[in-house]
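Structure, as C-alpha cells:
No lab work stands behind these numbers, since they all come straight from the coordinates. Values in this document were obtained by computation on a predicted structure and should not be read as measured data. A quick note on method: Cβ atoms are made from the backbone with ideal geometry, for glycine too, and the neighbour counts reach across all protein chains shown.
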Amino acid sequence: MCLVEIEGWIKPQIACSTPVADKMKIRTNSDMTLKAQEGVLEFILIDHPLDCPICDQGGECDLQDLTMRFGSDRTRFTDIHFKGKRAVESCDLGPLIRTEMTRCIHCTRCIRFASQMCGVEVLGSTGRGGDMLIGTYVDKSFLSELSGNVIDLCPVGALTSKPYMFKARPWEVKRTGSIDVTDATGTNIILNHKSDRVLRVLPRENEEVNQEWLSDKGRWAVDSVEMQRLVTPMYRCGNSLFEADWKVVLRQIGNVLCCTNPTRIMAVAGPHTNVETLVATKDLLNALGCEHTYVERDFSYSLADVDIRAGFCLNNKMKNTAEADKILLVGTNPRFEAPILNAWIRQAYLQNECDVYVVGPNCDYNYPVNYLGEDLEALSCAQQYIQGSKHPLIFVGVDQLGTSYASQIMHQVMTLTSSLQVEEDWQVINIVTKEASFAGALECGWKPGALKALESINPVVVISLGADEIFHTWDPGYHVKIIYIGFQGDKCSDLASFVLPGSAYTEAGGIFLNMEGRSQLAQRAVTPPGKARHDWKIVRAIAEYTGVDLKYSDETELWRRLAEISPNLLNVDKYQPKLFTDLLLPLIPCEKLESCAPGSLKVEMKTLRDYYCSDIFSSNSPTMVKAYKAAKQLERSAFARI
C-alpha cells in the first residue's frame, strides 16, 4: 500500500524500499498511484472473508480503513471454478490469543514480533503464495510476557483477544488513560469500559517509557478487580465479620485510634496504593503522634536509607537502556520483573550488539547471556568484562536489597562502577523494583521493612492499605486490631477487625511513580461497586472521627499538599535526573560489610510460569490462572524448547 509514482519510472515503486535520490520527483496521489493501491487491495480482498459483522477487529481494522480510503466501490471477483474463497484451519495459540487464520493477509508482523521482540521462535510460515500458512510447526502455545501485542499489530482480525471475545464494539466503549500497576515500569495504558465495567486494556504510546508495548499481565489481569471484591464496610465480632453502615464502623475505628498509644499504631502500604492515599495516611498518623509508616518490602543497605532517590530508582531513563553496550544483571530477571524494561534491554542486544552478563541463578531470558556465577564472588569477575565500556549499565534486583548481604552487593557494585570511565551524565547503577507504589511511598516519607517493624514495634493497631503479603508470614495475635482498606479480600481481610472497601486503580486513578521516579497520572474510568469509596477519602473520614483536621477535603487541596511534600509528585510525565549518586558508597556502614558471609542470589520469577501468577492480584485473575496452567503444561511437553 506504500506504492508511489516516481517521475521517469514506468511502474509504481514501493516507497519503503526505494532509496531517495537527488532531484527525484515523487507523486503519492496521482492516478497511477491510486490505481495501483486499489489493485493491491483488490488482490488482498479476493481471499479475505466477509467476517466484519462477527469480527472483533471490526471498527478498528486497518484493512477496513484502507478499503474505505483506497478501495473500489464494486467487486470483480467471480468464482468460475466454484471453489469458494480460501479457507484455513486455525491453530491454537493458548488461552490468551484467538486465531482465525482465514482472515490472515500474510503480512508476517506476528512472526517478526515473536522472533525479534519476544525472542520466542514459535510462529512461522509454510507454503508459498495463496497456499502460505501462518502458525506453529507443532501444536504449541504462543506464550510470552509480551505476546498480547501481536493482537494490536495484526492489521485484520486473524489474531484477537480470547478474554475480550464478543464483548463489545469499539464505538460502544469509552476510553480512559491510565497507568499499569502490575509492575513498576509505569506502562501507559488505555482502559476500555462500558456500562461501568472495564472490558479490556490497551497500550498507550509513550516513547520514553513503554513505546507502544504492554505486558500480558497488564493487559489481561484486569479481570482480577472483579474477583473477591469488598463492597461493604464490616467489623469483626467473635470469629465472624458483620456488615454495617459506614458511620458505625468509622465511629468504632475512631474510638480505637483515640484510645491507643500512638507509638503502638502502624500503617503498611500495599503494592497498588496511589500517592494520594499514602500522603493522607501518613498525615493522619503524624497528626496522632505516630511515625510508623512502612512498605512491605525490606530495603536497607546504606545509612542514607531512602533519603537519596538514586538509591531506590533507575538512574538512567528507561529508553537510554537501548544505547548500552554492556549490561550486568545482579540478582534480577527483568524479563518477568519488568517486561517493558526488558524490551529495552533486548533492543540494545539487537541494535547495539550489547553483551549481557548475569550474576545470579539460571533464569529464562530471551537474549543470550553470560553467566558469571550465583554468589557475590562472581561480582569481582565482572569488572574484566565491563571494563572499557562506553555505556555500561548495572541492574540490581530489589529482592537482593532486603537480604543480610545487601550492603556487600551494593558496595561491590559501586566499587566496580567507580573504576569505569563513562560520560558525566551517564549513570551506571539502577535498581529494578517491582511494586507500583514502592517509589511513590519512599518519595512521601514511608520507610521500608514492614515485617521487621511489626516484630520490633509489636503494634496494637495496624492500618493495611491493601497489604497482604506480609500477613502470610506475620501472625498478629488476638490483641492486634487490623484496619484493612482495600478492594480485594485476601489474607489480611481474613484477619482484620475492620474491613473498609476501597477502590481499584481502574476506579480511583491517582498519581504513581514508576521505577524511574517519573510521576504519572492515572485517570479514573469506572465507579467503585457497592459502598466502596476512594482510599484517600476513607482515610480522610477516619481522620474526622479521630478529631484530626487534615486541611484538605478535595483532590485540588490534596495535590497542593503533594506539592509541599515533593514537587516531583506533580511534575507529571517528566524525568528528573538523580542527584548525589556519589554519596551512596561512603554511606554504606563498614559493620554491615563484615556482618554476614555472602550467599547465593535468589530470583523469585525464573520462568514464565512464575510470572503469570506472581502475586495475589494476578493469582485472583481467571485469565492469568489459565495462562499459568498453559505455561505449566508447555514446560512438561517434549518440544518446550523448540
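Helix 555-565 and the longest principal axis of the C-alpha atoms of the chain enclose an angle of approximately 70°.
Counting only residues at least eight positions apart within a chain, or on another chain, the aspartates and glutamates with an alpha carbon under 14 Å from that of residue 317 are 207, 208, 425, 516, 573.
List the chymotrypsin sites (Phe, Trp or Tyr not before Pro) within region 465-553 that DSSP assigns to loop and that have no more than 10 neighbouring Cβ atoms inside 10 Å. Intermediate values should be presented prior to the final figure.
Working: sites: 471, 474, 478, 484, 487, 498, 505, 512, 536, 545, 552; in loops: 474, 478, 487, 552.
Passing sites in region 465-553 are 478.
Restricting attention to the chain, close to 50% of DSSP beta bridges with both partner residues there are antiparallel.
For the residues 147, 619, what sequence is obtained by ranking on other C-beta atoms within 10 Å, fewest first? Intermediate values should be presented prior to the final figure.
Working: 147 27, 619 16.
Exposure proxy ranking, most exposed first: 619, 147.
Cβ crowding within 10 Å, taken as a proxy for footprinting-reagent exposure, orders 165, 1, 117 from fewest neighbours to most as 165, 1, 117. To the nearest Å, what is the center-to-center distance of region 192-228 and region 397-438, using C-alpha atoms only? Here the answer is 30 Å between Cα centres.
Against the chain, whose longest principal axis comes from its Cα atoms, helix 339-352 is set at around 50 degrees.
Apply the a/c threshold of 1.5 to the C-alpha gyration tensor of region 483-642 and tell me whether it is rounded, prolate or oblate. It comes out oblate by the Cα gyration axes. At 4 °C and 1.567 mPa s, grab the translational diffusion coefficient of region 47-227 from Stokes-Einstein with a Kirkwood Rh over Cα pairs, rounded to a whole number in µm² per second. Once the numbers are plugged in, D ends up at 73 µm²/s.
Computed from these coordinates, which is semi-axes √(5λ) of the Cα gyration tensor in Å: [x] 41, 27, 26; [y] 47, 32, 23; [z] 49, 27, 25? Correct label, based on the coordinates given: [y].
Once the Cα atoms of helix 535-545 and of the chain are each reduced to a long axis, what angle between those two axes, in degrees from 0 to 90 to the nearest 10, is obtained? It is inclined by approximately 20 degrees.
Given the pairs 282/452; 447/481; 11/83; 194/491, which are separated by over 24 angstrom at their Cα positions?
As for pairs spanning more than 24 Å Cα to Cα, those are 11/83; 194/491.
Helical runs assigned H by DSSP (4 residues or longer) give the chain a calculated mean residue ellipticity at 222 nm of -8000 deg cm²/dmol, each run adding -39500 (n - 2.57) before division by the residue total.
The simple Förster model, with R0 at 41 Å and r as the Cβ-Cβ distance, assigns residue 72 and residue 246 a FRET efficiency of 0.05. Taking every alpha-carbon pair in region 480-569 and binning the separations at 10 Å intervals from zero gives 15, 38, 37, 10 percent. Computed from label points 7 Å out along Cα-Cβ, the spacing between residue 629 and residue 40 is 4.4 nm.
Each label point is 7 Å from the Cα along the Cα-to-Cβ direction; what then is the distance between the points at residue 404 and residue 20, in nm? The answer from the label model is 6.4 nm. Counting Cα-Cα pairs of region 47-117 in 10 Å increments starting at 0 gives whole-percent bin shares of 14, 42, 33, 10, 0.
Annotation for region 139-183: chymotrypsin sites (Phe, Trp or Tyr not before Pro) lying in DSSP loop with at most 12 further Cβ atoms inside 10 Å of their Cβ are 166.
The lysines within cross-link reach of residue 247, meaning a Cα-to-Cα straight distance under 16 Å and a gap of 8 or more places when in the same chain, are 531, 537. Taking 27 Å as the straight-line reach from the Cα of residue 140, the lysines in range (excluding those fewer than 8 positions away in the same chain) are 162, 167, 217, 606, 626, 629, 632.
Reported to the nearest whole Å, the Cα centre-to-centre distance from region 261-289 to region 1-80 is 60.
Under 11 Å from a label point set 7 Å out along the Cα-to-Cβ vector of residue 264, the amide N atoms of region 461-503 belong to 461, 479-481.
Reported to the nearest whole Å, the Cα centre-to-centre distance from region 111-160 to region 313-338 is 27. Remark: region 47-227 carries a charge dipole of roughly 540 debye about the Cα centre, counting +1 on each Lys and Arg Cβ and -1 on each Asp and Glu Cβ. Relative contact order, whole percent, for region 212-347 stands at 17, derived from Cα pairs under 8 Å and 6 or more residues apart. Ordering 67, 437, 427 by the projection of their Cα atoms onto the charge dipole of the chain, which places +1 on the Cβ of Lys and Arg and -1 on the Cβ of Asp and Glu, puts 67 at the extreme positive end.
Taking neighbour counts of Cβ atoms within 10 Å as a proxy for exposure, in what order, fewest first, do 580, 312 appear?
Working: 580 13, 312 21.
So the residues, fewest neighbours to most, are 580, 312.
Given a Förster distance of 60 angstrom, what is the FRET efficiency for residue 385 paired with residue 195, based on the Cβ-Cβ distance and rounded to 0.05?
Values: r = 56 Å, r/R0 = 0.93.
Calculated value: 0.60.
Contact order for the chain, expressed relative to its length and based on alpha carbon pairs under 8 Å spaced 6+ residues apart, stands at 17 percent.
For residue 29 and residue 83 in one chain, what is 0.36 nm times their gap in residues minus the Cα-Cα distance, to one decimal in nm? Don't skip to the end; give the middle numbers.
Details: separation 54, 0.36 × 54 = 19.44 nm, distance 3.66 nm.
Working it through step by step, the gained length comes to 15.8 nm.
Label sites at residue 137 and residue 287, each approximated as a point 7 angstrom past Cα along Cα to Cβ, lie 6.7 nm apart.
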